[in-house]
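Shown next, in structure tokens, is the structure this report addresses.
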Amino acid sequence: MQIKRKNLIRGDVAAVPAGVSLGALNNGFLWAKAADFNSDVDVLNYALTLEYLEAEFYRQGNSAGLVSGKEADYLDAVQSDEESHVATIMATVKKLGGEPVAAPAVDFGDAFDSREKYLTTAHVFENKGVGAYLGAAGFIQDKAILQAAAGIFGVEARHAAVVGNLLGLEAEGGVYMGVTETPLTKDAVLKAIAPFLAGAGAMGDGAAVTL
Amino acid sequence: MTSNMEKQIFDGQPVVAISNEHDRRTFLRSALIVGVGAGFVGYKVGDPTSGSRASAWAGNLAAPSAKGDLEILNYALTLEYLEAEFYVKGLEAGLLKGRELDLVTPIRDHETAHVEAVTATINDLGGKPVAKPKFTFPASTFKSRENFLATASTFEELGVKAYHGQVTLIDSVEILGAAASIAGVESRHAAILADLTGGEPFPQPIEASLPMSAVLKAATPFIAG
């Protein structure tokens, strides 16, 4: 009846019995493919790429002079959180004896043309980040890393809600995304961020990022 | 280390718990230390691995088990009961309007749905959902918008810490995913209520956690029996 984390790590996703119904609680739960992550370092490097992207996004956005007052304070705090996440994850990968991926080359296009575009793009990033962490959480073996990843996931959800509120979006579907968060597969996340990775080289041989 | 806020919670007077930003930050730091001390000895932001698995199991924390998962779900259910009833009563009092009402109404609906979903999950797993306790809220809680929202903010931050305090203790990866999918929503609530009450929506870069004992102690004044 119980599905052990280690079974999933071994790629035994097919062994999840249909009889384990989590009912309304978790009807949208999507498992990332077992082949997506072979180790905690793999999961962490995936998260690191997303955090690099977010940290650089807010660095550029907050330098563009599009926001002020409380809004600017909030976005400064978000940038600081993302930078902290980058540092945390890099340190953790090293501690595990892994090699942190390098920061990708990025191109945010016209995201900084206006306050609305900046916040709208931020809203997408934050919600994708929430889904990415939730989708990958089941693959983390080390309990301390799982604790940290869950803790980062929660903070990304805070960011997503507040940015949605700054945009004045509908409470349900804009600030909150339903009764439960929805996990995203690695494929879905990579598709969503692909437009922001600069040039074919970013994903090709010898590129800094290997996803 | 005990903050003013916690003292007020223990005295059953949670409303207008924090009067200024300094006190709020002090409380959050205290809460972080409390959570870390009980769960991850030596854990430091910037290095998640500094709290080893061994330290997580140290003390009286049990290793994850299926039986433990049911206990954790019933713990979550108790907190969700508390939150759901709190928002039902608060919104019945008609203290909010406009954007605030729009933002808080879905929170009530989420908490009510969480109660139903956690109950269904416990049943699916062959467990017995705990009955809804009787809750008592201080009369002042629903007397003003300020009191209602300040208490809501307290409950949401407590709820977030409660879920994060169980992350390493959950055995089933499916239940972990389910609990996390609720915890993320609680984080959204916490951030919005902090914004509405002039607090800090992003109190730290990684969510803090509290062990079950500390959370239940904080919630006990509201549970009549």
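Residue-wise HN-Hα couplings along the range B:173-184, as the Karplus relation 6.51 cos²θ - 1.76 cosθ + 1.60 with θ = phi - 60° gives them from phi, are 5, 5, 5, 4, x, 5, 5, 5, 5, 7, 4, x Hz; Gly and Pro carry x.
Taken one residue at a time, the phi angles of the range B:213-218 give Karplus couplings (6.51, -1.76, 1.60, θ = phi - 60°) of 4, 5, 5, 5, 4, 5 Hz. Gly and Pro are set to x.
Does a label point 7 Å from the Cα of residue A:124, set along Cα-to-beta-carbon, have any residues of the range A:142-159 with amide nitrogen under 19 Å, and which are they? Those under the cut-off are A:157, A:159.
Expressed as a fraction of 2.2 N^0.38 Å, the value expected for a compact globular protein of N residues, the C-alpha radius of gyration of the range B:59-178 is 1.17.
What shape does the range B:113-225 have by the C-alpha gyration tensor, where a ≥ b ≥ c are the square roots of the eigenvalues, rounded means a/c under 1.5, and otherwise prolate means a/b greater than b/c and oblate the rest? Verdict is oblate for the range B:113-225. In this structure, the amide hydrogen of residue A:106, modeled 1.01 Å from its nitrogen in the peptide plane, lies closer than 5 angstrom to those of A:198, counting only residues at least 5 positions away or on a different chain.
Here each label is just a point 7 Å from Cα along the line to Cβ, and for residue B:88 and residue A:117 those points are 4.8 nm apart.
Residue order for B:136, B:151, fewest other beta carbons within 10 angstrom first, comes to B:136, B:151. Once the Cβ-Cβ distance of residue B:213 and residue B:135 is raised to the sixth power relative to R0 = 22 Å, the FRET efficiency obtained is 0.65.
No value in this document is a laboratory result; all are computed from the given coordinates. Quick caveat, the model's predicted, so the values are computed rather than measured. Because the Cβ atoms are built from the backbone with ideal geometry, glycine has one as well, and the counts that use them run over all protein chains shown.
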